[in-house]
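The values are calculated or read from the model by the stated rules, or taken from the named source; none is laboratory data. Note that the coordinates shown come from a computational prediction; the quantities given were computed from them, not determined experimentally. A quick note on method: Cβ atoms are made from the backbone with ideal geometry, for glycine too, and the neighbour counts reach across all protein chains shown. Accessible surface areas use protein heavy atoms only, side chains included; no ligands, DNA or RNA. Shrake-Rupley method; radii C 1.70, N 1.55, O 1.52, S 1.80 Å.
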Amino acid sequence: MSNGAPLIGLFIAKAQRRKERKGRQEDRFVFLCGLCVLCAFALKVLANVPLTFKELAMLSRTADHLFWMARYMERAGQAAKRLATQSQHGDARQRVAGFSANRS
Amino acid sequence: MRPSFDEMQATSTTVRDHYRVYDRWLAQQPSDVMHSRREEAEMIFRRVGITFAVYGAKDEDGSGTERLIPFDLIPRVIPASEWNEMEKGLTQRVTALNRFIHDVYHEQEIIRAGIVPADQIFKNAQFRPEMMGVDVPGGVYSHISGIDIVRAANPDGSGSYYVLEDNLRVPSGVSYMLENRKMMMRLFPELFSQHRVAPVAHYPDLLLETLRGVAPAAVNEPTVVVLTPGMYNSAYFEHAFLAQQMGVELVEGQDLFVKDNFCYMRTTQGPKRVDVIYRRVDDDFLDPLAFRPDSTLGCAGLLSVYRAGNVTLSNAIGTGVADDKSIYPYVPKMIEFYLGEKPILNNVPTYLCREEDDFKYVLDHLGELVVKEVHGAGGYGMLVGPASTKAEIADFRKALEANPAGYIAQPTLSLSTCPTFVESGIAPRHIDLRPFVLSGKHVQMVPGGLTRVALKEGSLVVNSSQGGGTKDTWVLED
């Protein structure tokens, strides 16, 4: 206990600082999520349903679709970033070109 | 044509007892409120995605095949006494039909007794020789049966229920029954405090109980799945809905495989054995090794697993032999033969065009009869004599003469009408009823069923693919 107390104190202090940094609203969201998870677990235990890893099984086809959906989202995100970069660079090039033109 | 029977109006000025409270409530509702409720219902149906597909048709914006099924705000009400009698009749009919299918694929006593002609069965396209001698759990073949019932007027003004047809293959529409009730409770909650309406929401529980009850004998905790042809099927919404409501996997053929005469589904945790398949795929597409070799909707080797008794298919393969329109006229005799009872529900008198005398009569009276293709469904391939033009009758006559055995004919029943909220206000429209009968360890059903309504004035075709809509069906408890 005596060894753990400073660590717990440190953790609480860090959490406090984090709380101050991120704001109250986000904490409330995290708290609600945690509460939901706890409730779900409590319900499972109350219903005497064994919690096994097998419950997380899903059809391979569904998993495959989820993988590819995630992959397409990732690719779409990268394409969007590329477009944004190009558009910024394009703007910059235009500005540079305009500046050069003005100078000449 | 006989005079019509209205479900709500006893005469032009009086309302039937079981509609009295509803009628008082309806009279107080302003038309604009009803219109806005209908729009709200449409919006919710669209948002939830409660649709059906009509093959080869386009939807409202002309882009696809998904259609909303029109929902009518005015419920069809059935008093408890009528329902109790109908329930007994349905139980009796479905029990006899299951006994018939078992008999066809085993001893064939009904053929030996000369009640059903042998060629009606053996020449039937739905007869599956692969099922000969196969024992299914509990001797139940049709676990989910949709029996179409209509009410027609008697000469004295009362109405009698008639069975129009039996659907023993993959009857659909139950999701609309459940969603219609949810919608009514959402739009008009006050009505449910004024009426004691028997609940239907437990249908998925009953269905799951039925399916688990017919699992192979050696299995204690059966794994049930719903097998769908995929998202392009007309009833895909229903497949997904039922799987979700029962809490079971919705699988496609590609998710299943057969190994060592057992059926498995592919999961992220490895193969998982499947014990009961609620299949929404026709027989022809179930197993490319046994039926259509070009089918990609089924699972290769499934029939062999089924014949070994290691998986239960619901409904069984080959149930179509009993719901064929040419077998329908024999159902009352089946009830007497197998159960030794008088049929509780009436059959519509039917002329078999394969019989010479009947065929002659049908040709002479085409303008008065309803002629249907023996293997037809969905309101296609039929002629409603009184509502057809001379040209349509002439065309149909040619088709009939070319293949008499492919048709049956029935007198044009004037289906009962029920007040329906249409563009012009409230008007009577013809309706039918499809109760869903579940047969497992015992026969059970939820009170009521799906009421379909022909929205076109005077039309007798209630099929959703032909412009029909649906209504909530209330069975009032005593």
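Overview of results
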| read-out | value |
| --- | --- |
| ³J(HN,Hα) computed for each position of the range B:239-248 - Karplus, 6.51 cos²θ - 1.76 cosθ + 1.60, integer Hz, glycine/proline x | 4, 5, 4, 5, 4, 5, 5, 7, x, 10 |
| Counting all C-alpha pairs of chain B, share separated by more than 41 Å (%) | 18 percent |
| Restraint check, B:LYS182/B:LYS325; B:LYS372/B:LYS398; B:LYS123/B:LYS325, Cα-Cα greater than 24 Å | B:LYS182/B:LYS325 |
| Simple Cβ-charge dipole of the protein assembly as shown, Lys/Arg +1 and Asp/Glu -1, about Cα centre, in debye nearest 20 | 3380 debye |
| Alpha-carbon radius of gyration plus Dmax, which is the widest Cα pair, for the protein assembly as shown in Å | 29.5, 109 |
| Descending Cα extents along the principal axes, the range B:342-420, whole Å | 38, 35, 22 |
| Amide H contacts under 5 Å for B:GLN269, placed H, 5+ residues apart | A:MET58 |
| Volume per residue that the Cα convex hull of the range B:107-265 spans, once the total is divided by residue count, Å³ | 216 Å³ |
| Inter-chain shielding of B:227-239 (mean C-beta neighbours from other protein chains, 10 Å cut-off) | 0 |
| Shielding by partners - mean other protein chain Cβ count within 10 Å, residues of B:265-274 | 4 |
| Relative contact order (%) - chain B, alpha-carbon pairs under 8 angstrom, separation at least six | 24 percent |
| Solvent-accessible area of B:THR267 with every protein chain in place, 1.4 Å probe, in Å² to the nearest 10 | 20 Å² |
| Residue-averaged beta-carbon neighbours from other chains (10 angstrom radius) around B:246-253 | 1 |
| Cα gyration tensor shape of the range B:319-478, rounded if a/c is under 1.5, else prolate or oblate by comparing a/b with b/c | oblate |
| Value of [θ]222 nm, deg cm²/dmol, for the protein assembly as shown, DSSP H segments ≥ 4, -39500 (n - 2.57) each, nearest 500 | -12500 deg cm²/dmol |
